Amino acid sequence: MIFMIALFGILIYTLTLDSFLKAEMNYIETLIISAIVILAIALLNYGYIKNDEFHREKDILNNENKLIIEKYLVQLTEQREWSFIKNSEQLKVMTIPMWQIQIGNYSKLYMIYDNDDLLLNFSSYALFGLKFPVNYFCNRKIEQKIIQKIKTKIKNAP
């Protein structure tokens, strides 16, 4: 959030007459810089707002598939330094240490069992637990990889 406020301040600064004189920029350069700043703010806001959205995988859960998913999650904790924060029957929350997957202080994997559906969210956090919207697209890609891995394990199960 502070980053977005700073970018907004830069935008306001570039639009003032004082900035024309100090930086010796012409009108076109100022418009280009302003457009880039506005685009960056828009992308960060998009990532910040969409960061908490869950991906729903429909009709994937049954008793056998839940066991396969549980084994896969345990395998992740053993192979990597991931750990469970919450591990109940309906909700799984795992924490991923800093720099193991992407930039940021840490990441979390949220899995919710909703009847026959699996809800999944992978989120990154910066210092002090603030959401880290810069990794939004990377988080969605990691979600897709985890879902593909789960589907493959379910498909290859005896």
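The values are calculated or read from the model by the stated rules, or taken from the named source; none is laboratory data. Just so we're clear, the structure is a prediction, and the values are computed from it rather than from any experiment. A quick note on method: Cβ atoms are made from the backbone with ideal geometry, for glycine too, and the neighbour counts reach across all protein chains shown.
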Exercise. So which residues in segment 49-63 are over 12 Å from the mean Cα position of the chain (by Cα), of a type in the set (S, T, N, Q) and assigned to a loop (DSSP other than H, G, I, E, B), if there are any at all?
Worked result: N62
Problem set entry | Failed criterion for D117 (all others in (1) within 22 Å of K155 (Cβ to Cβ); (2) without any contact (Cβ under 8 Å) to a residue 60 or more places away in the chain; (3) surrounded by fewer than 18 Cβ atoms within 10 Å (Cβ to Cβ) hold) | (2)
For this session: Quick one: which residue in K86, K71, K66 is among the basic types (K, R), over 17 Å from the mean Cα position of the chain (by Cα), surrounded by fewer than 14 Cβ atoms within 10 Å (Cβ to Cβ) and closer than 19 Å to A157 by Cβ?
Result: K71
Exercise. Considering segment 97-118 alone, what residues qualify as being under 21 Å from K151 (Cβ atoms), within 18 Å of the chain's Cα centre (by Cα) and at pLDDT 80 or above?
Worked result: L109, Y110, M111, I112, L118
Exercise. Given the conditions (1) in contact (Cβ under 8 Å) with a residue 40 or more places away in the chain; (2) in a strand (DSSP E or B); (3) buried (at least 18 other Cβ atoms within 10 Å of the Cβ), and given that F122 satisfies all but one, which numbered condition is not satisfied?
Worked result: (1)
Problem set entry | Any hit, segment 79-92, residues being without any contact (Cβ under 8 Å) to a residue 12 or more places away in the chain, outside the structural domain of A40 (by TED's automatic domain parsing) and in a helix (DSSP H, G or I) | yes
Exercise. Looking at this structure, is P97 in contact (Cβ under 8 Å) with a residue 40 or more places away in the chain, under 30 Å from A42 (Cα atoms) and surrounded by 13 or more Cβ atoms within 10 Å (Cβ to Cβ)?
Worked result: no
